[in-house]
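Following: one structure in structure tokens, then a few remarks.
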Amino acid sequence: MRCASVSVGIVDYADPSYGSSEMRLRYAVGDAEAFHRYMSVGWPSGDNGRHFLLRDREAVIGRLTEAVATAADGPLDLFFLYLSGHGDVSADGSGWFCLADAQSGLPSLDGAVIDHWLTAVDAACVIAFIDCCHAEAVVAGSQSFAIRTGRLGRVVAASCRADQRAWEDDALKRSIFSDILLRALSTD
């Protein structure tokens, strides 16, 4: 089975409103590293696996676009996109995942960019895990998760609804969503 993944975790943001406010994230990088480890063990690198991890200031649009293109070079059985960091939403309800260089209130990684990337992914199954505030709004209206001819499925799992915030837990040392996801993937 040919599998590729791109995992992103950001706690170190250029914009102080994301990086040093009372809403500062602590565990998004660790969550992304744990998901990346899971993928790398399940589908080791080589002919059957290509896995990329972008942490903190590495997670900018150019590097992420390159990682998706390289990971999805050639036909795949499975492609995973894992995003953990801040999410934001505008007054009109459109949302985005905040990349490391995001500026407060300005769209960063939105559904249109994700659509552009995933349209080029030749995979029978595409699964995206989005762990941020307003996660549903990041992919609302996205066409990438519609089933297409010759594909088995496109699935997105979001940590919260468009009007909700996602949470980290100091006792778990993870986000609540990522903790549940990683525990579910790691059991029989």
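The values are calculated or read from the model by the stated rules, or taken from the named source; none is laboratory data. If you're wondering where the values come from, they're calculated on a predicted model, not measured in any experiment. Using ideal geometry, Cβ is built from the backbone for each residue, glycine included, and neighbour counts are taken over all protein chains shown. Calculation scope for accessible area: heavy atoms of the full protein, side chains included, ligands and nucleic acids excluded. Shrake-Rupley method; radii C 1.70, N 1.55, O 1.52, S 1.80 Å.
Can you tell me which condition HIS134 does not meet? The list is (1) within 16 Å of SER159 (Cα to Cα); (2) of a type outside the set (A, V, I, L, M, F, W, C); (3) in contact (Cβ under 8 Å) with a residue 60 or more places away in the chain, and all the others hold.
Evaluating HIS134 over (1) within 16 Å of SER159 (Cα to Cα); (2) of a type outside the set (A, V, I, L, M, F, W, C); (3) in contact (Cβ under 8 Å) with a residue 60 or more places away in the chain leaves (3) as the failure.
When residues of region 152-165 are filtered for being out of contact with any helix residue (DSSP H, G or I) (no Cβ under 6 Å at 6 or more places or on another chain), within 18 Å of LEU25 (Cα to Cα) and not charged (D, E, K, R), how many remain? Show your work before the answer.
Filtering region 152-165 for residues out of contact with any helix residue (DSSP H, G or I) (no Cβ under 6 Å at 6 or more places or on another chain) gives 152-155, 157, 163-165.
Filter again for within 18 Å of LEU25 (Cα to Cα), leaving 164-165.
Narrowing further to those that are not charged (D, E, K, R): 164.
The total comes to 1.
Can you report the number of residues in region 158-188 which are open to solvent by 40 Å² or more (accessible area, probe 1.4 Å) and part of a loop (DSSP other than H, G, I, E, B)?
The total comes to 12.
Out of region 90-117, which residues are of a type in the set (Asp, Glu) and under 14 Å from the mean Cα position of the chain (by Cα)?
Initial filter on region 90-117 (of a type in the set (Asp, Glu)): 92, 101, 110, 115.
The answer is ASP110, ASP115.
Tell me, which residue of region 101-123 that is small (Gly, Ala, Ser) and closer than 18 Å to GLY85 by Cα is surrounded by the fewest Cβ atoms within 10 Å (Cβ to Cβ)?
Of all residues in region 101-123, those small (Gly, Ala, Ser) come to 102, 104-105, 108, 111-112, 120, 123.
From what's left, closer than 18 Å to GLY85 by Cα: 102, 104-105, 108, 111.
Working: ALA102: 26, SER104: 13, GLY105: 10, SER108: 23, GLY111: 22.
Taking the candidates together, the pick is GLY105.
Residue-by-condition table, conditions (1) in contact with a strand residue (DSSP E or B) (Cβ under 9 Å, 6 or more places away or on another chain); (2) farther than 17 Å from ALA123 by Cβ; (3) at pLDDT 90 or above:
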residue: CYS3; (1), (2), (3): yes, no, yes
residue: VAL11; (1), (2), (3): yes, yes, yes
residue: MET23; (1), (2), (3): no, yes, no
residue: ARG26; (1), (2), (3): yes, yes, yes
residue: ALA32; (1), (2), (3): yes, yes, yes
residue: SER40; (1), (2), (3): yes, yes, yes
residue: ARG55; (1), (2), (3): yes, yes, yes
residue: ALA59; (1), (2), (3): yes, yes, yes
residue: PRO75; (1), (2), (3): yes, no, yes
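Quick check, is SER94 open to solvent by 10 Å² or more (accessible area, probe 1.4 Å) and free of Cβ contacts under 8 Å to residues at least 40 places away in the same chain? Walk me through it before giving the result.
Working: open to solvent by 10 Å² or more (accessible area, probe 1.4 Å): yes; free of Cβ contacts under 8 Å to residues at least 40 places away in the same chain: no.
When the stated conditions are applied, SER94 does not pass them.
Restricting to region 92-126, name every residue that is within 22 Å of LEU76 (Cα to Cα) and assigned to a strand (DSSP E or B).
Result: ALA123, ALA124, CYS125, VAL126.
So, in region 59-91, how many residues would count as being in contact (Cβ under 8 Å) with a residue 24 or more places away in the chain, in a helix (DSSP H, G or I) and open to solvent by 60 Å² or more (accessible area, probe 1.4 Å)?
The number of residues fulfilling the criteria is 2.
So is ASP56 at positive phi and either touching a residue at least 24 places away in the same chain (Cβ under 8 Å) or basic (Lys, Arg) (or both) or not?
Values: at positive phi: yes; either touching a residue at least 24 places away in the same chain (Cβ under 8 Å) or basic (Lys, Arg) (or both): yes.
Yes, satisfied.
In this structure, does TYR13 turn out to be closer than 21 Å to LYS173 by Cβ, touching a residue at least 40 places away in the same chain (Cβ under 8 Å), assigned to a helix (DSSP H, G or I) and over 14 Å from the mean Cα position of the chain (by Cα)?
Numbers: closer than 21 Å to LYS173 by Cβ: yes; touching a residue at least 40 places away in the same chain (Cβ under 8 Å): yes; assigned to a helix (DSSP H, G or I): no; over 14 Å from the mean Cα position of the chain (by Cα): yes.
Taking the combined requirement at face value, the residue does not satisfy it.
Only residues that are open to solvent by less than 70 Å² (accessible area, probe 1.4 Å), of a type in the set (D, E, K, R) and touching a helix residue (DSSP H, G or I) at 6+ places or on another chain (Cβ under 9 Å): list them for region 32-58, please.
Listed by number, the residues that qualify are ARG50, ASP56, GLU58.
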